[in-house]
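K.L.:
Once you've had a glance at the structure underneath, I'll fire off some questions.
The values are calculated or read from the model by the stated rules, or taken from the named source; none is laboratory data. Computed from a prediction, not measured in an experiment: that's the story for all the values here. Every residue, glycine among them, receives a Cβ derived from its backbone with ideal geometry; neighbour counts consider all protein chains shown.
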Amino acid sequence: MADVTARATGHPLAGRASFLLSQLGAYSAHEFAKRLAPLGMRPGHFGLLMHLSRGEGQSQQRLADAMGIHRNVMVGLVDELEDRGLIERRRHPADRRAHAIHLTGTAHDLLGRAQRVADEHEAELLAGIGEDDRTYLIALLQHLAEHTGLPSGVHPGLNDNPLSTTSRRC
């Protein structure tokens with residue numbers, strides 16, 4: 001691999017991994033949100049629907065715990081998706097006080113389209129590197145995320161203050 005610092009533009013930040021990860025993360029998040037917007041979705045909606053697609057019938061509390069997000073944020077996301085007819089609350093079979101969350105047929109269709117958007121976004125983002133480098137990059141990023149204790153598959157922006165304007169844009 002070529003000397004990475006030799007490629008730096010001369011700006012001191014161009015050689016800092018933390019800056020580059022932040023710069024690329026902000027760019028990627030912004031572009032992904034733009035791509036989901038025509039589907040009437042935000043990245044937070046996509047994340048919740050993806051989690052539900054891996055295990056329907058969970059309670060809101062269990063989903064919030066699994067995703068590592070505040071209960072109030074989860075309530076807001078579930079309410080939004082229920083209002084759009086994408087999820088439904090049903091009586092939880094094991095807990096009379098809770099509701100089990102399920103995807104609707106509409107959600108399954110929309111999620112398939114959103115996954116294609118996500119695939120296209122990732123392909124374009126990583127177009128500048130080969131398959132071996134992509135695999136290596138993903139492994140490195142997974143290792144760093146695990147090392148820092150980040151929950152798998154959960155964007156940290158989801159746990160913003162539920163009353164802030166940034167959390168409403170997730």
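K.L.:
Search region 20-62 for residues being under 17 Å from D79 (Cβ atoms) and of a type in the set (G, A, S), and hand back the single one that is surrounded by the fewest Cβ atoms within 10 Å (Cβ to Cβ).
P.N.:
G40
K.L.:
Same structure again: Need a quick list: helices (runs of 4 or more DSSP H) entirely within region 9-112 having at least 2 residues that are out of contact with any strand residue (DSSP E or B) (no Cβ under 8 Å at 6 or more places or on another chain) and more than 30 Å from E124 (Cβ to Cβ).
P.N.:
Answer list for region 9-112: 60-67, 71-83.
K.L.:
Of all residues in region 99-121, which are among the charged types (D, E, K, R) and in contact with a Ser or Thr (Cβ under 9 Å, 6 or more places away or on another chain)?
P.N.:
Residues satisfying the conditions do not exist here.
K.L.:
Okay, moving on. Condition first: touching a Ser or Thr at 6+ places or on another chain (Cβ under 7 Å) and either under 15 Å from L49 (Cβ atoms) or crowded, with 17+ Cβ neighbours inside 10 Å (or both). Now tell me which residues in region 81-98 satisfy that.
P.N.:
G85, L86, I87, E88, H92 - these are the residues of region 81-98 that are touching a Ser or Thr at 6+ places or on another chain (Cβ under 7 Å) and either under 15 Å from L49 (Cβ atoms) or crowded, with 17+ Cβ neighbours inside 10 Å (or both).
K.L.:
Return the residue satisfying two criteria in turn: it lies in region 1-59 and is of a type in the set (D, E) and closer than 28 Å to I129 by Cβ, and of such residues it is modelled with the lowest pLDDT.
P.N.:
D3
K.L.:
Testing H121 on (1) within 20 Å of H155 (Cα to Cα); (2) out of contact with any Lys or Arg (no Cβ under 8 Å at 6 or more places or on another chain), one condition comes back false. Which one is that?
P.N.:
(2)
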